[in-house]
Structures are given as structure tokens and as C-alpha cells.
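Here the structure is laid out as C-alpha cells; the discussion comes afterwards.
The values are calculated or read from the model by the stated rules, or taken from the named source; none is laboratory data. Keep in mind that what you see is a predicted model, and the values were worked out from it rather than measured. Glycine gets a Cβ as well: all are built from the backbone with ideal geometry, and neighbour counts include every protein chain shown.
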Amino acid sequence: MTQDGDLDALVRQRIRSLRTARGWSLDDLATRSYLSPSTLSRIETGHRRIALDQLAPIARALDTSLDQLVESGRDEDVVIRPHRNSRGGVTTWLLSREGAGKTVAKLRLTRPVPTELRVHPGRDWFTVLSGSVVLRLATRTITVRTGEAAEFSTMVPHAFGANGEPAEILCILDHDGGRAHLA
């Protein structure tokens, strides 16, 4: 099979897998994508070529992007080898690849919560792996302990730091959060 044939088969498998994972029949996907069930069946089974004007509504109906639906299946290296970056009482290990849309990072906090609160567009989410974290949101001060998580709009003035002893957190930051906190 050619590389194009391999990708074609992978796209067909993704469509069927995403459809069945949602518990949808071909009729359900047809209703959502405005394509006929027979067209979708022939696409999934390889009895019909997949056209771009069909892929876009299928991707939209399956709540995925066209890019994700047709991306190459080759993941030569699935292991991420994070590099340690320390500065100002925060050690960071990036756990996501560049361009992933969201940034996942592990942080070790040794600094207390900074007095200067910052704002930026987006949302932040973190869970405390060990220790506890002081989160300041405008005038509120919240202690987030091991096993707990926090999620908040970053348009609220905010800062966070260790609560007396070092703490480790796992963060998921949107594009703006990644730029603001890890730059």
C-alpha cells in the first residue's frame, strides 16, 4: 500500500472510530454532516473516494478539526523528553510538544506567591501533585492542597506560589497562558 493509501485508510478508520465512540449510527452521523448514510458507509469501507467537500462536514459533525482527521499516523517518537528550566523559584518541565494548541507543564514551586498580580487572556488549570499552593485571585487567597485542582479565568488578576514548602503542580495552559507563565 502506498503512503497515500495508508493515510486514506487511517482517515477512514478515524471517521468510523470517532462515530462509534460517540455511539452514533451511520444515520446519526448523516444527520449531523448532511451527507447520506450510504455515502458515509462507502467512505468508511473504502468503496468511495473521500472528497474534501465531504471531509469538512464530517470533521465538524465529529467535533474534530480537518487537520486532526487527516494528520499523518506516523509518530516516530511518542516519548517527550522534557528539559528542566529553572528561574525565580519555579522549575518547569514542558510535557507537550510545540504547536499542540495547549501547553502541559509540570512545575516545582519554591517561591512564595508573588505580590504582583497579572492578567492575560485565557484560562489556567492546575492540579497539585505534592505540597500545597497559594493561589491569589484578585482579593481572594485560596490554598489548593495535594490532590485538589484549580481552574480560573486569567483575566482575573492572579498569582500562585508555594505554601511554605516546595510544591509540584501539573498545569494545562491555553496558548495565552503558556506564553504568560512559561515565557
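Restricting attention to segment 43-54 and to residues that are among the aliphatic types (A, V, I, L, M) and either touching a Cys at 6+ places or on another chain (Cβ under 7 Å) or surrounded by 15 or more Cβ atoms within 10 Å (Cβ to Cβ) (or both), the residue that is modelled with the lowest pLDDT turns out to be Ile50.
Yes/no matrix, rows are residues, columns are (1) surrounded by fewer than 13 Cβ atoms within 10 Å (Cβ to Cβ); (2) assigned to a strand (DSSP E or B); (3) under 17 Å from the mean Cα position of the chain (by Cα):
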site: Ser86; (1), (2), (3): yes, yes, no
site: Thr91; (1), (2), (3): no, yes, no
site: Arg97; (1), (2), (3): yes, no, yes
site: Gly101; (1), (2), (3): yes, no, yes
site: Lys106; (1), (2), (3): no, yes, yes
site: Pro112; (1), (2), (3): no, no, no
site: Thr115; (1), (2), (3): yes, no, no
site: Asp124; (1), (2), (3): no, yes, yes
site: Thr127; (1), (2), (3): no, yes, yes
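Hey, does segment 34-42 have a residue that's modelled with pLDDT under 90 and hydroxyl-bearing (Ser, Thr, Tyr)?
No, that holds for no residue.
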